[in-house]
Amino acid sequence: MSLVALAIRACTYLALRGATWAGDCVYESKLEPIDVIVQAETQPFITIAIDEASGEPKGHGASLLAAVDRLLLVIEIAVGVRALAEDGSTIIGVPPTDRGLEWTMDILVRQVMRALSTNPTWGDLWRRFRMELNGIRLLRGGAVDGERYAARQIVFDLHPVSDPDVGIIPASGSLWGTFIAALRGLDAADPELAEYRALADLIEAEIAEPHGIGSWQIVAARLGLARQSARALGIVPEGDGMLDGEAALVAVVEMDHGGGAIVVVDEARTDEIWPGHGPEAPQ
């Protein structure tokens, strides 16, 4: 989706893990539906996912790195229990709601909100990444044959920050620099957290790796400009800021002679069409 979507999911997971009655039964981007996950759990659990990302870039120079301006973050909560069937077999599932389970779900929702609002590291980063909160919806997680079940969805409609620019190492005090440093500070002895420590290197490499991109191209990407527009604004340096091997490409011209036929003219054919002006012409 985007780096900011990844960051928001990670911050949500790290803020909620161990902060609610679900304990460590918190899962990021779990693909199985609740009735499958619950087979492995006999206590409350939480799943985290981003179900939708969208944006409405405006103007000719809209940047793709700033294109996503809306994310739907879905936090799903359920309570799993074991029940004994009449034949003595054990049935695992999401229990139908009763007063006690409703109380449990209400308190779990409150604990989620509290963790995201007060966690000094991951809750703070979560709030910085989401920038604006457009709305919240609380939905029941499911129903079968008209019977409601002890599962809830919290849907956050978020306006996130833009993805970071390319080819720039995040400064230590910046949002992305702080996020990467916090990931690296996680407990390496915890297998789950160790994966997030490794994530720091992946994110930093993706942001900082220039891939042969020059500084003027970073600026053009930020502004969503094509080369011609960047050149007109004086962003492209002298020599067109061309990369190695690029000069031969821009020396090719397509000429339409009106009948729909395209004639490709490069430096080698210039002298045929315009004698004395080819690459071998005297200067």
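A short reminder: the numbers here are calculations on the coordinates, not readings from a lab. Owing to the predicted nature of the structure, the values given are computational and were not obtained by experimental measurement. Positions of Cβ are backbone-derived with ideal geometry, glycine not excepted, and every protein chain shown enters the neighbour counts.
Could you give the length gained by full extension between Arg128 and Ala208, i.e. 0.36 nm per residue of separation minus their alpha carbon distance, to one decimal place? Before the final figure, lay out the partial values.
On the way: separation 80, 0.36 × 80 = 28.80 nm, distance 2.09 nm.
Length difference between fully extended and current span is 26.7 nm.
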Net charge near Leu183 (other residues with Cβ under 15 Å of its Cβ; Lys, Arg +1; Asp, Glu -1) is -4
With a Förster radius of 22 Å, plug the Cβ-Cβ distance of Leu193 and Ser29 into 1/(1 + (r/R0)^6) and report the FRET value to the nearest 0.05.
0.85
Förster radius 30 Å - calculated FRET efficiency between Ser172 and Ala49 (Cβ-Cβ, nearest 0.05):
0.45
Name the residues whose placed amide hydrogens come within less than 5 Å of the amide hydrogen of Ala151, ignoring near sequence neighbours (fewer than 5 apart) on the same chain.
Gly141, Gly142
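Estimate the FRET efficiency between His159 and Arg114 by the formula 1/(1 + (r/R0)^6), using the beta-carbon distance for r and 22 Å for R0, to the nearest 0.05.
Details: r = 22 Å, r/R0 = 1.01.
The computed FRET efficiency comes out at 0.50.
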